[in-house]
Amino acid sequence: MLKPETPNDRWNRVEISPVGEHAILYRLLASDGALLYVGITTNPIERWRAHARLKPWWRDVVAIYSMEVPTWLIAQRLELEAIKQDAPRYNIHAAVK
């Protein structure tokens, strides 16, 4: 189940350490509900911090939905499916029509 977080919540969370092969699938949303980005990681806090440092669109993120996925391979498939189906604004590298 996807769970929402506010931008303030994400910095206050305890680091998530990878256990086994699991991955986190996440969606970043704008204030109008638009899907900005879909991604996968084993360490969401560090990944979101990297987005904050490197991506100018990060300031538009107001909600994060994340879910744990049992394996990286499953996470990759779900990420690609979400990108194809939902067309997030900033997923350029994997956007396949």
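Just so you know, all these numbers are worked out from the coordinates, no wet-lab data involved. Treat the numbers as computed from the prediction; the structure is a model and nothing was measured. Neighbour counts run over all protein chains shown; Cβ positions are idealised from the backbone, glycine included.
Observations on the structure shown:
- In Hz, Karplus ³J(HN,Hα) per residue of region 75-90 (6.51, -1.76, 1.60; θ = phi - 60°; x = Gly, Pro): 4, 4, 5, 5, 4, 4, 4, 5, 5, 5, 7, 9, 6, x, 4, 10
- Protection proxy ranking, peptides 24-30, 53-59, average beta carbon neighbours within 10 Å, highest first: 24-30, 53-59
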